[in-house]
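Here's the structure we're looking at; comments come further down.
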Amino acid sequence: MLIDPRRNPKLANALGLLAPGTDLRLGINDIIKGHLGALIVIADRDEIEPLCSGGLALDIPFSSQMLYEVAKMDGAIVLDADLGTILRANVHLMPDAAMPTSETGTRHRTAERVARQTEAIVVAISQERDTVNVYTGGSRYQLDSIGELLAKATQGLATLQGHRVQLDKGADELTTQELRGEVSFDDVLNVLQRSEMAARMIGEIERNATELGLDGRLVAMQLVELSEGVEDERLAIIRDYRHADATSANDLVLERLAALRYSELVDLECVARAMGFADRAGTDLRPRGYRALTQVASLTDDATERIIAAFPTYDALMRATLRELQEIEGISPQDAAEVQQGLRRLHDRHLRGSR
């Protein structure tokens with residue numbers, strides 16, 4: 001399974017520093033337009049000094065214009081970690097030559113080795129190909145053009161919208177089944193499958209939006225609208241239906257789902273195994289009530305657990321009176337009223353019109 005390197009938090013942070021609209025990206029764009037190559041190191045002074053030889057000690061304020069000017073010289077450019085100062089220019093970097101590298105060119109081999117040996121963010125700009133590669137730790141990422149990123153983000157939003165339509169439809173149908181006491185295991189798995197697909201696409205679009213910087217503002221706004229409630233639905237269905245004896249925690253199910261390749265995610269048997277079930281044949285499921293509470297009230301995890309513990313069955317929860325809810329230790333009168341009224345509205349919305 002191909003894993004997006006931007007899932008690495010260090011690389012994601014680096015891409016935020018390099019996003020369009022930042023002074024660093026403006027300087028890099030000027031370097032590319034000038035058909036120059038460059039090796040830029042962003043690091044703490046004390047950590048990078050032992051790897052530096054020769055060059056000019058500048059200690060001048062950083063600006064995109066000055067970055068472009070010093071890039072006209074050979075050698076690496078060293079910026080401090082907060083991007084406030086250009087520390088050195090025309091530097092010869094000397095990382096450990098025994099450090100493994102998959103690169104071939106001198107500039108890119110040096111970039112990868114410095115990034116592996118230190119906590120630095122290293123940016124290598126190719127003069128011949130006008131490409132920008134970012135190195136952090138063991139990760140390497142080539143920046144896409146703004147046009148390519150926008151196209152990916154737009155396609156991702158369209159895909160997410162499709163997943164969201166199917167997820168909302170399946171979730172509504174599942175709620176109706178729960179209220180009728182006729183839950184289908186396949187329908188449970190389908191909702192979980194759709195929520196996982198949507199969550200993966202949300203992560204992909206978030207990474208594109210981060211890399212787009214100011215140019216991704218519209219993408220980020222659309223993403224907020226399309227992603228609302230997806231994480232809540234995914235976690236609630238896991239809490240409601242996971243096999244308690246076969247999975248020690250909700251996080252374990254999330255880890256198992258994340259490990260599934262796409263070809264496995266579309267297979268309901270694989271999704272069932274992630275939930276702790278050996279197979280889905282003949283499985284009789286009863287909701288615990290987490291989805292219902294998620295849909296009707298904004299509760300803390302502790303309050304949710306207290307309410308679930310107070311009612312042994314889903315039916316008992318749906319029939320809960322205001323007094324019974326108020327008698328639960330740790331549940332405020334306001335929360336009790338919100339839950340009782342919300343459960344009543346949930347019942348009426350899904351069953352009254354179907355009679």
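The values are calculated or read from the model by the stated rules, or taken from the named source; none is laboratory data. As the structure is a prediction and not an experimental result, all values here were calculated from the model. Virtual Cβ from ideal backbone geometry, glycine too; neighbours counted across all protein chains shown.
Here are a few things to note about the model shown:
- Qualifying residue in segment 139-147 (condition: surrounded by 15 or more Cβ atoms within 10 Å (Cβ to Cβ), out of contact with any helix residue (DSSP H, G or I) (no Cβ under 9 Å at 6 or more places or on another chain) and under 23 Å from THR22 (Cα atoms)): no
- Whichever residue in segment 307-317 is over 30 Å from the mean Cα position of the chain (by Cα) and free of Cβ contacts under 8 Å to residues at least 40 places away in the same chain and, among such residues, is nearest to TYR241 (Cα to Cα): THR313
- Qualifying position, being in a loop (DSSP other than H, G, I, E, B) and β-branched (Val, Ile, Thr), among THR110, THR101: THR101
- Only listed residue being buried (at least 17 other Cβ atoms within 10 Å of the Cβ), at pLDDT 95 or above, under 32 Å from the mean Cα position of the chain (by Cα) and small (Gly, Ala, Ser), chosen from ALA76, ALA43: ALA43
- Checked against the criterion of being touching a residue at least 40 places away in the same chain (Cβ under 8 Å) and touching an Asp or Glu at 6+ places or on another chain (Cβ under 9 Å), the candidates GLU173, GLU204, GLU112 yield just one match: GLU204.
- Hits in segment 52-73 - residues which are touching a strand residue (DSSP E or B) at 6+ places or on another chain (Cβ under 8 Å) and within 19 Å of ASN133 (Cβ to Cβ): LEU67, ALA71
- Residue count for segment 156-198 satisfying the condition of being of a type in the set (S, T, N, Q) and closer than 22 Å to LEU260 by Cβ: 6.
- Residues that are closer than 28 Å to GLY21 by Cα and in contact with a Gly (Cβ under 9 Å, 6 or more places away or on another chain) within segment 46-69 comprise PRO61, PHE62, SER63, SER64, GLN65, MET66, LEU67, TYR68, listed in sequence order.
- The one condition in (1) closer than 27 Å to GLN166 by Cβ; (2) surrounded by fewer than 19 Cβ atoms within 10 Å (Cβ to Cβ); (3) polar (S, T, N, Q); (4) outside the structural domain of GLU231 (by TED's automatic domain parsing) that THR283 fails to fulfil: (4)
- Hits in segment 74-99 - residues which are out of contact with any strand residue (DSSP E or B) (no Cβ under 6 Å at 6 or more places or on another chain) and at positive phi: LEU83
- Here the condition is being touching a Lys or Arg at 6+ places or on another chain (Cβ under 8 Å) and assigned to a helix (DSSP H, G or I); of LEU189, LEU157, it holds for LEU189 alone.
- Yes/no for GLU264 being crowded, with 18+ Cβ neighbours inside 10 Å and either modelled with pLDDT of 95 or more or not in a helix (DSSP H, G or I) (or both): no
- Within segment 179-196, tally of residues that are buried (at least 16 other Cβ atoms within 10 Å of the Cβ) and more than 17 Å from LEU235 (Cα to Cα): 2
- Count - residues of segment 167-185 that are over 27 Å from the mean Cα position of the chain (by Cα) and assigned to a helix (DSSP H, G or I): 8
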